[in-house]
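The next block holds one structure in the form of structure tokens; read it before the comments.
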Amino acid sequence: MKKLCFILLAIFTLLPVSALGETMAEKEDRLEIQGGAVLTGIIENSNKEILWLKTDYAGTLQVEVARIARISSYRDIAGTLPRGVPFVDLRAVVAKKPEPAKAPVARQPATSKAPVAKTQTPAKKPAPAKKKDEGWSLEAGVNLSGKKGNTDKFDLAITVDARLKQEFYRLDLYSRYSYGTNKGKLSSDEIIGGGRYTNFFFKNIGFFVREELEHDELEGLNIRSTSATGLSWKAKSSEKLNVEARSGISYRYDDYKSGGNKDFPGADFGVDLLWKFAKWGEYKGSYTFLPSFQDSEAYILEQDSGINLKLDYLNNWSVRFGLWTKYNNQPSGKRENTDIRYYVRVISSWK
């Protein structure tokens, strides 16, 4: 009699424990691995490559995301899962089919063939994904105009810009060539090339170094070298609007064909602006002010601004309506202080 009572007591004691274990098994997440293996446990975290699964039979497992065929769960874990992995919400399945759920698949301990790695240390949260470097991009443009008859005029301008953009720094290279005649006389013959390196050692603050070389036949200029360095500041950085300002010191050296030369140590102030006002258009402007330290009346003010309109859905072709202005407070010889150029330019870009 005592033996029978003991057996009945054991049965009634183990039944709730067994039911509790079955309930907990139902709440566990289920990973179906390519090849047929099935892992159960609690998903703690994941990134693009690794998923952390906490189990009571093998500790915390690190499962390769590329080897996961499907994930099933009774819990709300969609926000924890990596993108692209099929997910089955078993709560919705139960709601549609009220019949009892099938018994969970028996747990399979990790073996040397399974695409998992056992670890005894607590799982660490994955580091935030780094911003993807954009690499090189190239942009080339040309504008050409001419007249024959009562007015004999010809103008040609070619521009090439290259940019290397990484997470913390940017390298901009550019070149300009313009040639023009008016009634058989030379109106422009100028070559400009330069580059600027910008490094952001803080989120919105960095330093820049730039160098520009210029040759101008019409001005009688063999070479003009402008070097500058200083600080850069991202005043506004968003998907639609970018405003970047710079301030520093500069050194300008002019060597003329007549044999004379001048140098102008001074400051360098500038603003670059990019406003994407629509999917099909953007405003782009660059403004530079170079005052001299030696002579307060000697300075150069230059700006190039315009609107770019996209010509196709691939974003490879656009047309630019622009205005270029250069003001030299102390020009050489009898040249005018201000040069103004209106242009329409066809631009092609690659990445």
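The values are calculated or read from the model by the stated rules, or taken from the named source; none is laboratory data. What you see is a predicted model; the values in this text were computed from it and never measured. All Cβ positions, even for glycine, are placed from backbone atoms using ideal geometry, and neighbour counts span all protein chains on display. Quick note on the areas: whole protein, heavy atoms, side chains included, nothing else; ligands and nucleic acids left out. Shrake-Rupley method; radii C 1.70, N 1.55, O 1.52, S 1.80 Å.
Among the numbered conditions (1) closer than 18 Å to Trp324 by Cβ; (2) open to solvent by 70 Å² or more (accessible area, probe 1.4 Å); (3) charged (D, E, K, R), the only one that Lys147 does not meet is (1). For segment 294-304, the count of residues that are more than 27 Å from Ser137 (Cα to Cα), open to solvent by less than 30 Å² (accessible area, probe 1.4 Å) and in contact (Cβ under 8 Å) with a residue 12 or more places away in the chain is nonzero.
Across segment 25-41, what is the number of residues that are open to solvent by 50 Å² or more (accessible area, probe 1.4 Å) and modelled with pLDDT of 85 or more?
Result for segment 25-41: 2.
Results for (1) more than 30 Å from the chain's Cα centre (by Cα); (2) at pLDDT below 95; (3) assigned to a strand (DSSP E or B), shown as yes or no for each residue.
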{"site": "Glu239", "(1), (2), (3)": "no, yes, no"}
{"site": "Val243", "(1), (2), (3)": "no, no, yes"}
{"site": "Ser247", "(1), (2), (3)": "no, no, yes"}
{"site": "Tyr253", "(1), (2), (3)": "yes, yes, yes"}
{"site": "Gly259", "(1), (2), (3)": "yes, yes, no"}
{"site": "Lys262", "(1), (2), (3)": "yes, yes, yes"}
{"site": "Gly266", "(1), (2), (3)": "yes, yes, yes"}
{"site": "Leu273", "(1), (2), (3)": "no, no, yes"}
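Taking the condition open to solvent by less than 70 Å² (accessible area, probe 1.4 Å) and modelled with pLDDT of 95 or more, does Ala235 pass?
Numbers: open to solvent by less than 70 Å² (accessible area, probe 1.4 Å): yes; modelled with pLDDT of 95 or more: no.
Taking the combined requirement at face value, the residue does not satisfy it.
If the condition is being more than 20 Å from the chain's Cα centre (by Cα), crowded, with 16+ Cβ neighbours inside 10 Å and not small (Gly, Ala, Ser), then segment 178-203 contributes Tyr179, Thr181, Glu190, Ile192.
Residue by residue, here is whether (1) farther than 26 Å from Ser137 by Cα; (2) at pLDDT below 85; (3) small (Gly, Ala, Ser) holds:
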| site | (1), (2), (3) |
| --- | --- |
| Thr181 | yes, no, no |
| Gly193 | no, no, yes |
| Ile205 | no, no, no |
| Phe208 | no, no, no |
| Leu213 | no, no, no |
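Entry remark, segment 209-230: residues being closer than 28 Å to Glu244 by Cβ, of a type in the set (Val, Ile, Thr) and open to solvent by 30 Å² or more (accessible area, probe 1.4 Å) number 2 in total. No other residue among Lys153, Lys183 is on the phi > 0 side of the Ramachandran plot and charged (D, E, K, R) apart from Lys183.
Scanning segment 186-220 for residues that are more than 27 Å from Thr338 (Cβ to Cβ) and among the small types (Gly, Ala, Ser) turns up just one, Gly206.
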